[in-house]
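Below is one structure, written out as structure tokens; the observations come after it.
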Amino acid sequence: MNNKKTYFITGGGTGGHIYPAVAVADELLNLASTEKIYYVGNPNNLEASIVKDKNFEFLPVISSGMPRKISFALILWGFKMLHAWFECCKYIFKYKPDVIFGTGGYVSAPVLFAGMTMRVPFVMHDCDANPGLVTRKFSPFAKSISIAFDVARTKLNNKNCFANGNPIRSEFKTLTKEKARTKLGLEDKLTLCIMGGSQGAKTINDATIPILKILTQTYHLQIIFQTGKRNYTEVIESLKQYYPEFEQDKNLIIKPYFEDMVTVLKACDIAVSRAGSLSISELCASHIAPIFVPYPYAAADHQRINARFMVEQGAGLYLENDDTNPTTLLEKILELVNNSNKLHSVQIASARQAVYDGVDKIVSQIATI
């Protein structure tokens, strides 16, 4: 008799939903008790490109965010989600998962609803202090819930909540700074990462472009700049005006998106970043001194809350989105570049916030079902 388990993993739209799901899926795949892993996601979203090189099968489901106003678009969305639920029910009937694990995002809703319909138990993880809509709505029906922040349990209708921290990829524990820099073709010197999350951030990009030449040529920083896929062409065109020779600058790596963010972050000393919970977890695990520019329209203002908490711990610097421009951003970066004692102090405080065993705890939570 085969007692091995099959798992459905779901979560999509942004890296904050996808990477925790992938980290848990990778670890589940290493268990002798695991038969098969299937990742259910939107084929048109980021999760499809991230999962394509993994050892689990991708099951496509077309889904989208819910329109906020009553309109024909809302009715059409309802029919699309009904069809997505039906497709997920067919997947469950065909592949017979023993457990579903979801990390949120609208793509996970029809999968979890299909699990309820077909009586497949599911576990959820939410990375924010203020849990997302999907987590809040489905929490009463989950077998258990993993949360990154203990305060989140007060906002979820489920007694089986476990504060595990965020699941981060195992390479954050094993990859050294030296190996990461070698892998990227970088020298062993002060390195800065500028990123706006998986979707990019126009405010950060616009403030960065005019100061790139100063940072690489005057201060000799190595810079890894993730523009976001939507903004890449615009960034390159603007750079041609501010810094026509940027393509010959060996201190500069510019890409729309890095699939291997572990290597990027582990190679860096300083980062300019939004303040999503997963980003913070990965920055801390990389022993980076972060400069936070929180997204001002995040649900329940959770990015500002996250960033201010880190600053209170001495584990980061803070810059409001509306105050971010080339002058203010350069000042914040140089605050660390020109003061090695402060740089090391912030890096040490950031490293103290790192949680490395989130994946192990979540996998144990799932495997016991």
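Bear in mind these aren't lab numbers, they're just calculated from the coordinates by the rules spelled out. Treat the numbers as computed from the prediction; the structure is a model and nothing was measured. Here the Cβ positions follow ideal geometry from the backbone for every residue, glycine too, while neighbour counts run over all protein chains shown.
Sketch the reach of a paramagnetic label on Thr154 as a point 7 Å from Cα along Cα-to-Cβ, and name the residues of region 117-131 whose backbone nitrogen lies under 20 Å away.
126-131
What do the square roots of 5 times the Cα gyration tensor eigenvalues come to for region 223-368, in whole Å, largest first, as semi-axes of the equivalent ellipsoid?
On the way: eigenvalues 148, 74, 54 Å².
Equivalent-ellipsoid dimensions as semi-axes: 27, 19, 16 Å.
Relative to the longest principal axis of the C-alpha atoms of the chain, give the angle of the C-alpha long axis of helix 15-29, reported between 0 and 90° and rounded to the nearest 10°.
So the inclination is approximately 60 degrees.
Which lysines have a Cα less than 30 Å from the Cα of Lys177, not counting those fewer than 8 places away in the same chain?
Those lysines meeting the cut-off are Lys52, Lys54, Lys189, Lys202, Lys213, Lys229, Lys250, Lys255, Lys266, Lys332, Lys342, Lys361.
Compute the separation of the alpha-carbon centres of region 1-34 and region 303-350 and state it in Å as a whole number.
35 Å
Using a 7 Å offset from the Cα along the Cα-to-Cβ direction at both Leu82 and Lys96, what is the distance between the two label points in nm, to one decimal?
My value for the distance between the label points is 3.1 nm.
Normalised radius of gyration for the chain, please: alpha carbon Rg relative to 2.2 N^0.38 Å, two decimal places. Walk me through the numbers on the way to the answer.
Details: Rg = 21.0 Å, N = 369, 2.2 N^0.38 = 20.8 Å.
Against the empirical 2.2 N^0.38 Å value, I get 1.01 for the chain.
How much length is gained on full extension from Thr233 to Met118, taking 0.36 nm per residue of separation minus their Cα-Cα distance?
Values: separation 115, 0.36 × 115 = 41.40 nm, distance 4.52 nm.
Taking Thr233 through Met118 to full extension adds about 36.9 nm, to one decimal.
Express the Stokes-Einstein translational diffusion coefficient of region 5-167 in µm² s⁻¹, to the nearest whole number, given a Kirkwood radius over alpha-carbon pairs, 10 °C and a viscosity of 1.306 mPa s. Each step should come with its number before you reach the end.
On the way: Rh = 15.7 Å.
It diffuses with D of about 101 µm²/s by this estimate.
Given the options Ile236, Ile92, Ile70, state which has the largest fluctuation in a GNM of the chain using a 10 Å cut-off (strictly under) for Cα springs.
Ile70
Near Leu112, within a Cβ-to-Cβ distance under 13 Å, what is the net charge of the other residues, with Lys and Arg +1 and Asp and Glu -1? Could you put the intermediate results ahead of the total?
Values: positive: Arg119, Arg136, Lys137, Lys143; negative: Asp126.
For residues surrounding Leu112, the net value is +3.
Please give, to one decimal in nm, the separation of the simple spin-label points placed at Arg68 and Ala367, each 7 Å out from Cα toward the Cβ.
It works out to 4.2 nm between the two label points.
As a footprinting exposure proxy, order Thr218, Thr103, Thr324, Thr135 by other Cβ within 10 Å, with the fewest listed first.
Numbers: Thr218 9, Thr103 32, Thr324 20, Thr135 27.
Final ranking by Cβ density, sparse to dense: Thr218, Thr324, Thr135, Thr103.
Going by Cα centres, region 40-86 and region 199-261 are how many Å apart?
32 Å
Pop out the ³J(HN,Hα) list for region 250-262 in order, Karplus 6.51 cos²θ - 1.76 cosθ + 1.60 with θ = phi - 60°, rounded to Hz; leave Gly and Pro as x.
6, 7, 10, 10, 10, 9, x, 7, 10, 5, 9, 6, 4
Size of the dipole of the chain about the Cα centre, Lys and Arg at +1 and Asp and Glu at -1 on the beta carbon, nothing else charged, in debye to 20? Intermediate results must be reported in sequence, preceding the final value.
Values: 40 positive and 34 negative charges, 244 e Å.
Roughly 1180 debye, rounded to the nearest 20.
Using a Gaussian network model on the chain with a 10 Å cutoff between Cα atoms, which of Gly102, Gly185, Gly13 fluctuates the most?
Of Gly102, Gly185, Gly13, the Gaussian network model singles out Gly185 as fluctuating most.
Can you give the calculated 222 nm mean residue ellipticity of the chain, where each DSSP H run of n ≥ 4 adds -39,500 (n - 2.57) and the sum is split over every residue, rounded to the nearest 500 deg cm²/dmol? All intermediate terms of the calculation are to be shown ahead of the outcome.
Values: 15 runs with 151 residues, N = 369.
The helix contribution divided over the chain gives -12000 deg cm²/dmol.
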